[in-house]
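Data first, discussion second: the structure below is written as structure tokens.
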Amino acid sequence: MKRPDDFATRSAHLKELTDGQLHERFWQLARQLTDPLLQMGREYTSPSIERSVLLRMGFSSLEAKALVDALLEQGLLQHGAGHAVFKMSRVWGLGLREAGLRLIKLSQWDEVKAQFGGGAPDA
């Protein structure tokens, strides 16, 4: 079955728009599609997603699990495991891997929690 060509009918409302208006309309529709996806990415995570991020940062699966478990226990996982490693690497002046390994062995988390506003999600 051949699909009827209805492009002229469906695009009639766009004919009067200038190039600038078409450009703005395109980006408006693109934002309308992607904003909910970006919002979900900011609000939702899981231990498996965070382990996956750490694996891509070069940590072994055992290291990634230990780090995610520690961050979850401390109430910091919502900030992102990769973000925690990155932020603390800058605070401590270490490479990413060294900072992650230090976090795994960490017994006192006050300094880390302070970097994230005491464990509360960033505003």
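Restricting the search to the range 75-106, which residues are among the aliphatic types (A, V, I, L, M) and either assigned to a loop (DSSP other than H, G, I, E, B) or touching a Ser or Thr at 6+ places or on another chain (Cβ under 6 Å) (or both)?
Of the range 75-106, the ones among the aliphatic types (A, V, I, L, M) are 76-77, 81, 84-85, 88, 91, 94, 96, 99, 101, 103-104, 106.
Result: L76, L94, L96, A99, L106.
Anything in the range 73-123 that is in contact (Cβ under 8 Å) with a residue 12 or more places away in the chain, within 18 Å of F59 (Cα to Cα) and aliphatic (A, V, I, L, M)? List them, or say none.
Result: L77, A81, A84, V85, M88, L96, A99, L101, L103, I104, L106.
Please go through (1) outside any helix (DSSP H, G or I); (2) out of contact with any Gly (no Cβ under 9 Å at 6 or more places or on another chain) for L72 and return the number of the only condition it doesn't satisfy.
All conditions are met except number (1).
Going by the structure shown, is T45 under 18 Å from the mean Cα position of the chain (by Cα), at pLDDT below 95 and β-branched (V, I, T)?
Working: under 18 Å from the mean Cα position of the chain (by Cα): yes; at pLDDT below 95: yes; β-branched (V, I, T): yes.
The answer is yes for T45.
Considering F86, F26, which residue is more than 30 Å from W109 (Cα to Cα) and either touching an Asp or Glu at 6+ places or on another chain (Cβ under 7 Å) or of a type in the set (F, W, Y) (or both)? Walk me through it before giving the result.
Numbers: F86 fails: more than 30 Å from W109 (Cα to Cα).
Only one candidate qualifies: F26.
Among the numbered criteria (1) in the same structural domain as W109 (by TED's automatic domain parsing); (2) surrounded by 11 or more Cβ atoms within 10 Å (Cβ to Cβ); (3) out of contact with any helix residue (DSSP H, G or I) (no Cβ under 6 Å at 6 or more places or on another chain); (4) in a helix (DSSP H, G or I), which one does R51 miss?
With respect to (1) in the same structural domain as W109 (by TED's automatic domain parsing); (2) surrounded by 11 or more Cβ atoms within 10 Å (Cβ to Cβ); (3) out of contact with any helix residue (DSSP H, G or I) (no Cβ under 6 Å at 6 or more places or on another chain); (4) in a helix (DSSP H, G or I), R51 is out only on (3).
Could you say which residue among L33, L29, L37 is part of a helix (DSSP H, G or I) and within 30 Å of R97 (Cα to Cα)? Talk me through it step by step, then tell me what you get.
Details: L33 fails: within 30 Å of R97 (Cα to Cα); L29 fails: within 30 Å of R97 (Cα to Cα).
Matching residue, one of L33, L29, L37: L37.
Only one of (1) surrounded by 14 or more Cβ atoms within 10 Å (Cβ to Cβ); (2) modelled with pLDDT of 95 or more fails for W27. Which number is that?
The failed condition is (1).
Within the range 18-40, does at least one residue satisfy the condition of being farther than 30 Å from L77 by Cα and touching a helix residue (DSSP H, G or I) at 6+ places or on another chain (Cβ under 8 Å)?
Taking every residue of the range 18-40 in turn, at least one turns out to be farther than 30 Å from L77 by Cα and touching a helix residue (DSSP H, G or I) at 6+ places or on another chain (Cβ under 8 Å).
Given the structure, is S61 farther than 27 Å from D110 by Cβ, surrounded by 14 or more Cβ atoms within 10 Å (Cβ to Cβ) and modelled with pLDDT of 95 or more?
No, not satisfied.
The values are calculated or read from the model by the stated rules, or taken from the named source; none is laboratory data. These figures come from a predicted structure and were not determined experimentally. Please note: Cβ atoms are built from the backbone with ideal geometry, for glycine as well, and neighbour counts cover all protein chains shown.
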